[in-house]
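A quick write-up on the structure given underneath.
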Amino acid sequence: MAGLIFGILVLIAGIVAGAELKYKSVKLSKLLPLVGAVVCVVVILSSCFATVSTGNTGIVTTFGRVESFTLDSGIHFVAPWQTVLEMDNRVQKSVIDMECFSSDIQEVTCVYTINYQINKANAQNIYKTIGRDYYSTVITPAVTESVKTVMAHYTAENLISNRDELALAIEEMLSKELDKFDIELVSTSIEDMDFTDEFTNAVEAKQVAVQNKLRAATEQEQKTMEAEQAAERAKIEADAEAAVAKIKAEADAEVAQIAARADLEVQKVNADAAEYTGQKEAAKNKAIQESLSDELLQYMLIQQWDGKYPDTYIGSENVSTLLDITQ
């Protein structure tokens with residue numbers, strides 16, 4: 001737009017200068033308007049090209065009216081009476097410090113970080129309805145309101161223990177609020193939460209008490225476990241000793257049974273041997289008895305006689321037999 005105005009002014013200046021020099025120099029009076037026209041054309045043509053920097057979105061206005069389209073980064077052809085404004089569409093970071101209150105009226109100092117970017121397709125709406133200073137106009141109030149509103153639903157103690165849940169709730173609420181203004185919420189984080197010294201000391205004291213209670217309970221559980229383990233070991237040892245005694249008794253009984261069976265076997269063998277010996281002796285005696293005859297008996301008697309007559313005789317048959325032999 002400025003180039004168009006500048007070109008027109010140059011053209012007018014050339015025409016006016018040519019008119020003034022008309023009576024002094026005919027050639028010069030014709031040359032100046034021509035030069036002015038050339039310069040005007042060059043200036044107007046140069047103003048028809050607009051450059052949008054990388055990381056920005058071009059907003060086109062025509063005589064101050066915002067057009068319904070946007071331009072990406074690069075060189076674009078626009079009408080001389082149109083103006084191109086740039087809006088940063090990159091992800092931007094902002095850190096906001098604020099003071100909040102919990103549901104139990106504890107003061108909390110919070111440091112909240114937000115990463116955001118404008119919606120490229122609707123950047124013209126942001127410029128039209130909010131302007132370039134959309135951060136202070138929309139984002140800062142939305143962040144402050146979201147953080148304070150969500151924190152007011154938690155006690156100070158729960159703010160510490162439920163930090164992940166708290167961050168998620170704030171992000172959801174803030175994302176919905178910024179979507180209304182075509183601003184995309186990329187990520188958020190609670191960098192720090194600080195409480196009053198009184199509350200911090202009270203929390204520390206409570207934590208110490210909880211830790212002491214937990215330690216006492218742990219020590220008691222340890223003692224109980226050790227006692228149970230000792231009783232279990234004693235039971236296992238007693239069961240083992242009983243099992244060993246039982247095995248030993250069963251082994252002794254089995255050994256005794258084996259020894260008894262062995263004794264019976266020995267007695268049976270001895271009895272069988274004695275029986276065999278008796279049977280052998282009886283058989284021998286029977287064989288001798290069957291082989292003896294009267295003549296053999298007399299012969300054996302004579303072989304054993306020492307030539308003396310006995311003083312006493314029992315029976316008469318043998319004596320006669322002996323006498324018969326010696327006569």
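The values are calculated or read from the model by the stated rules, or taken from the named source; none is laboratory data. Because the structure is predicted, anything quoted here is derived from the model rather than measured. Ideal geometry is used to build each Cβ from the backbone, glycine not excepted, and the neighbour counts take in all protein chains shown.
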Worksheet item: Which of (1) out of contact with any strand residue (DSSP E or B) (no Cβ under 8 Å at 6 or more places or on another chain); (2) among the hydrophobic types (A, V, I, L, M, F, W, C); (3) within 23 Å of D164 (Cα to Cα) does C110 not meet, given it meets every other one?
Response: (1)
Worksheet entry | Selection count, segment 99-123, where residues are surrounded by fewer than 14 Cβ atoms within 10 Å (Cβ to Cβ), part of a loop (DSSP other than H, G, I, E, B) and among the small types (G, A, S) | 1
Fill in: Hits in segment 101-122 - residues which are closer than 30 Å to E86 by Cβ and within 36 Å of the chain's Cα centre (by Cα)
Y112, T113, I114, N115, Y116, Q117
Worksheet item: Can you name the residue in segment 34-70 that is at pLDDT below 60 and crowded, with 20+ Cβ neighbours inside 10 Å and, of all such residues, is farthest from A123 (Cα to Cα)?
Response: G36
Worksheet item: Within segment 165-181, is there a residue that is exposed (fewer than 12 other Cβ atoms within 10 Å of the Cβ), closer than 22 Å to K120 by Cα, in the same structural domain as G131 (by TED's automatic domain parsing) and not hydrophobic (A, V, I, L, M, F, W, C)?
Response: yes
Worksheet item: If Q82 passes every condition in (1) assigned by TED's automatic domain parsing to the domain that holds D164; (2) buried (at least 17 other Cβ atoms within 10 Å of the Cβ); (3) polar (S, T, N, Q) but one, which one does it miss?
Response: (1)
Worksheet item: Got at least one residue in segment 213-220 being assigned to a helix (DSSP H, G or I) and touching a strand residue (DSSP E or B) at 6+ places or on another chain (Cβ under 7 Å)?
Response: no
